[in-house]
Every structure is written in C-alpha cells, then in structure tokens.
Amino acid sequence: MNLNFYIESLSLTSFFVFLVTNFINIETNNKINKIIYLSNLLFISFINVIYYNFIILNPVSVLSLVTTLLLVVFFLSHFFISIFSSEYVRLRLLFLPFFLVLLIFRFLISFSSKNEEISYSLFDNTSLLIHIFSSLFSYSMLTISAISSVCVFLKSKILKQVKFNNILLNLLPSIYESEIISIKSLFFSMFFLTLSLFSGFHYHFFEYNNFDYFFNNKVILSIISLFLIIFFFIYRKILGISNTATFKLILLSYVFINLAYFGIKVTG
C-alpha cells in the first residue's frame, strides 16, 4: 500500500467523523455543539489542503487535482457560511451525499486514472489562478443553490400531504429562508461563472494567441449554464416564477455544469 492510499483513507475517515457531527443537535442554539460541528468542518478542510499539497508533488490525474481543489473550496465555503447563517446550517444533512460522492469519486480515480506529472503551478499565472478558482466557486455556489432548491421542493411536497413528517419538516429551514439561500447562491454562481469565462478568455488569448483551445465542450456547456441563469433572473424579475420551475431550471443548470467540469473529462 502506497502513501496515496493512506492519505485517501485519512480523508475518508475524517469525513465519517464529520458525518457523525452532522447529526448532533445544533438547532437549539447549543454553542458547544455548533463549535464541535464547525471544528470538524475546519479539520476536514485542513485534511484536504494537506491532500492537495501531497498530490502536486506526485504524479496525479488532472481530474483528481481538480476534485481536491473543489473539496477544499467547498468545505471552506461551507465553513464560513455556516458561521454566519444558522438557517444554512440546517441544510447540512442534504450536503452529505454530495460530499460523499465527491470523496468516493476522487478515491476511485486516484487508482484508476492515468497519472501524470503536474509541470506547472496554479500560482504562476494570475489569469489562470482567477479562472480556476472562480470556476470552483461558481460550481460550489451553484451546488448550494441546487441543494437549497431541493429543500424548497421537499418542504413544498411535505406540506401538501395530509400527514407529513414533522421531524423532517422541522429539521430543514423554512421555504422562505431556503429560497433566499438558493437565489443568493445562484447570483454568486452567475458572478463567478462570468468571471471564470472572462479570465479563461484572457488566459487563452495571451497564452496561445488564438481561441482554438478555449471554445471547447466545457466552455460551451458553461456558457449555456450562464445563459440559463441570466434568463432565470430576467424572467423572475418581469413575470415571476414558481418554486417548481425554479427547482427545474437550477437543476438543469447544475447538470450542464457537472457535464462541463466532470462528465467530459470522465468520458473523454
């Protein structure tokens, strides 16, 4: 067993410890419970930073590198938002499947993908740095928006039932608060996605003096996602839009982003 296996195992172990802390009662404003939760969230972020520093020094698949950076960005974003928003913390159980899928995905590709030496540093080029991190923040914000809209959809369905699950209903934030989180996250996703496309455009123009490498499937799918989000905000402002339509449009944008960032790399 190599060092990579042990680091992957440590990452998964830290996640399962974090998973357990998600089930402690934070909603009663118990400061100790919230500190335990936030501490574990910060710890798993730190573990993934260590993981990133390990893989950049060894042959690794680009997909594994991107997934690790995404986990670092998302865990840290999750940590800081959780500090300031108690309603956001109530969504924590809905995020667990997403985190678990990403960790398992990285674990599998670390052993099955073709590894290669990373011959450049992300910090060598400002445009590339902005492009990568704005892309990761855009994906993270859109994920938060998608999960928040799932919460709105679930609560709407539960409230329409004659007999509904009070435990699940009380665990999740209100429909109103979930909508606010979803819309704000979608707005930030639009901002970071626009920044990602412009910084990528700038990087390719000055690096290659043409756009042969810029207008690929990833960029086209990202542009489609951006237009869907812009269309949503314009339509919502002029005519208004239902919770169900919002849910479907956000998920559609999320599907395009996943295909852009992961689907093409996996199938290609």
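A short reminder: the numbers here are calculations on the coordinates, not readings from a lab. The model shown is predicted, which means the values in this text are computed figures rather than measured ones. Glycine also receives a Cβ, built like all others from the backbone with ideal geometry; neighbour counts cover every protein chain displayed.
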Extension reserve of the H202-I83 stretch, reckoned as 0.36 nm per residue once the Cα distance is removed: 39.3 nm
Per the 1/(1 + (r/R0)^6) rule, R0 = 25 Å and r from the Cβ atoms of L159 and F233, FRET efficiency to 0.05 is 0.40
L12 to V62: extension gain in nm, 0.36 nm per residue of separation minus the Cα-Cα distance? 16.0 nm
Listed with the fewest Cβ neighbours within 10 Å leading, V255, V219 appear as V255, V219
Could you put V66, V152 in order, starting from the residue whose Cβ has the fewest other Cβ atoms within 10 Å? V66, V152
Relative packing of peptides 230-239, 97-106, 189-198 - highest average C-beta neighbours within 10 Å first: 189-198, 97-106, 230-239
Apply 1/(1 + (r/R0)^6) to the Cβ-Cβ distance of I224 and I50, taking R0 = 35 Å, and write down the FRET efficiency to the nearest 0.05. 0.45
